[in-house]
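In what follows, a structure is listed as structure tokens, so that the remarks can point back to it.
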Amino acid sequence: MEGTLVRRYGGFYYVESNGQVWTCRLRGRFRLQDAAFLPGDRVIIKPVGPGEGVIEDLLLRRTCLERPAVANVEQAIIVFALGEPPPDLELLDRLLFLSGVKDFETAIIWNKADIIKKEFQDLPGIYRQIGYRSLVTSARTGQGIDELKAFLTGKLSTFAGPSGVGKSSLLNAIQPGLNLRTGEVSSKGGRGRHTTRQVELIRLPKGGWVADTPGFSRLDLPSLTREKVAGYFPEMLPLQGQCRFTSCLHRGEPGCAVKAALDAGRILPHRYEHYLAFLDEIITGERSF
Ligand code: GDP
Ligand code: ZN
């Protein structure tokens, strides 16, 4: 039987197959490589007793995320707050870029709608205009939670974003009874409270999974060739092939369609700035080979 590894704990592997969770051990030949099994992995199990089984095989992984350690992630839910902490747009654009490179589906969740700060109120519309799914929520009032559930249905998703924006609160809101600990906004950033916990996949009522451990808030850019960077900025995508030079990197070359769109206000200055910053990082990475 084929199933999804949901959780590992104390030498046991919990595998969901045909709507039931099976408590499994690894077949002998796998025991030395148990670190190779991650939540999200598709496995073949053989029942050996009521609710008990043995993992016979590991199916090919499509993707692998390190933080949190989850296999076969299909969607990144990128969470920011419309108030406290104020959204860091460079981090947002970086997460969107990374998510694109990893070929994840993406949605931006703008949380804390109940304490929205005026200066941020246009951001959801701005990012929707660029081409991203962009949803306003409040974990406190329940606004947008049904739409968030609809985004999650049928896929394996992970939450990402800085600490204090409400990721744990949103997970609790979509899955009452989960009781993830939520905390106050901390200035420490980075190291989450859940880093030492084992990742567990939560089964959603209408199908799909979500990792209960938010992550990937800070990541280095992947190795990528410089010509590919603009392809991960949706607003630059339709301009591909329209610059005078086919090798144009949109850094001030003559006859650049991206620069023209920037001057015409069709590309936002902060997006263009972040494009240049990521491009620089990618080029620096190329040199270190
Ligand atoms: P995480 O670090 O991203 O997991 O954020 P938490 O879920 O721990 O939330 C950080 C703080 O923001 C907690 O004090 C939450 O109660 C609060 N919070 C989360 N969502 C909302 C919201 O929609 N509105 C308001 N006003 N506060 C929220
Ligand atoms: Zn160009």
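Among the listed residues Leu239, Leu262, Leu276, which satisfies the condition of being of a type outside the set (Asp, Glu) and open to solvent by 50 Å² or more (accessible area, probe 1.4 Å)?
Numbers: Leu239 fails: open to solvent by 50 Å² or more (accessible area, probe 1.4 Å); Leu262 fails: open to solvent by 50 Å² or more (accessible area, probe 1.4 Å).
The conditions single out Leu276.
Select, from Pro254, Pro234, the only residue that is over 12 Å from Asp93 (Cβ atoms) and either out of contact with any Pro (no Cβ under 9 Å at 6 or more places or on another chain) or at pLDDT 95 or above (or both).
Residue meeting the stated conditions: Pro254.
Kindly provide the set of residues from region 238-261 that are near ligand 2 (Cβ under 10 Å from one of its atoms) and within 26 Å of Gly125 (Cα to Cα), ordered by number.
Hits for region 238-261 are Leu239, Gln240, His250, Ala257, Val258, Lys259, Ala260, Ala261.
Among (1) within 16 Å of ligand 1 (Cβ to nearest atom); (2) within 30 Å of Ser17 (Cα to Cα); (3) open to solvent by 60 Å² or more (accessible area, probe 1.4 Å); (4) touching a residue at least 24 places away in the same chain (Cβ under 8 Å), there is one condition Glu147 misses while meeting the rest; what is its number?
Unmet for Glu147, out of (1) within 16 Å of ligand 1 (Cβ to nearest atom); (2) within 30 Å of Ser17 (Cα to Cα); (3) open to solvent by 60 Å² or more (accessible area, probe 1.4 Å); (4) touching a residue at least 24 places away in the same chain (Cβ under 8 Å): (4).
Give the residues of region 124-149 that are within 18 Å of Arg94 (Cα to Cα) and either in a strand (DSSP E or B) or of a type in the set (Gly, Ala, Ser) (or both), sorted by residue number.
Scanning region 124-149 gives Gly131, Arg133, Ser134.
Does Leu82 satisfy the condition of being within 26 Å of Lys149 (Cβ to Cβ), modelled with pLDDT of 90 or more and under 12 Å from the mean Cα position of the chain (by Cα)?
Taking the combined requirement at face value, the residue does not satisfy it.
Taking region 231-249, which residues are in contact with a helix residue (DSSP H, G or I) (Cβ under 8 Å, 6 or more places away or on another chain), more than 12 Å from Asp280 (Cα to Cα) and either within 16 Å of ligand 1 (Cβ to nearest atom) or not hydroxyl-bearing (Ser, Thr, Tyr) (or both)?
Pass one, region 231-249, residues in contact with a helix residue (DSSP H, G or I) (Cβ under 8 Å, 6 or more places away or on another chain): 231-237, 239-240, 242-243, 247-249.
With more than 12 Å from Asp280 (Cα to Cα) added as a condition, the list becomes 231-237, 239-240, 242-243, 247-248.
Of everything in region 231-249, those that are in contact with a helix residue (DSSP H, G or I) (Cβ under 8 Å, 6 or more places away or on another chain), more than 12 Å from Asp280 (Cα to Cα) and either within 16 Å of ligand 1 (Cβ to nearest atom) or not hydroxyl-bearing (Ser, Thr, Tyr) (or both) turn out to be Gly231, Phe233, Pro234, Glu235, Met236, Leu237, Leu239, Gln240, Gln242, Cys243, Cys248.
Given Arg271, Arg266, Arg203, Arg226, which one is more than 16 Å from ligand 1 (Cβ to nearest atom) and touching a strand residue (DSSP E or B) at 6+ places or on another chain (Cβ under 9 Å)?
Criteria check complete, one pass: Arg203.
Restricting attention to region 187-222, which residues are among the β-branched types (Val, Ile, Thr) and at pLDDT 60 or above?
If the condition is that a residue be among the β-branched types (Val, Ile, Thr) and at pLDDT 60 or above, then Val199, Ile202, Val210, Thr213 are the ones that fit.
All but one of (1) open to solvent by less than 40 Å² (accessible area, probe 1.4 Å); (2) on the phi < 0 side of the Ramachandran plot; (3) over 17 Å from the mean Cα position of the chain (by Cα) hold for Ile115, so report the exception by its number.
(1)
Got a sec? Which strands (runs of 3 or more DSSP E) wholly within region 1-111 have at least 3 residues that are in contact with a helix residue (DSSP H, G or I) (Cβ under 6 Å, 6 or more places away or on another chain) and open to solvent by less than 10 Å² (accessible area, probe 1.4 Å)?
Counting at least 3 such residues, we get 75-81, 105-111.
The values are calculated or read from the model by the stated rules, or taken from the named source; none is laboratory data. Computed from a prediction, not measured in an experiment: that's the story for all the values here. Neighbour counts run over all protein chains shown; Cβ positions are idealised from the backbone, glycine included. Heavy atoms of the whole protein, side chains included, go into the accessibility calculation; ligands, DNA and RNA do not. Shrake-Rupley method; radii C 1.70, N 1.55, O 1.52, S 1.80 Å.
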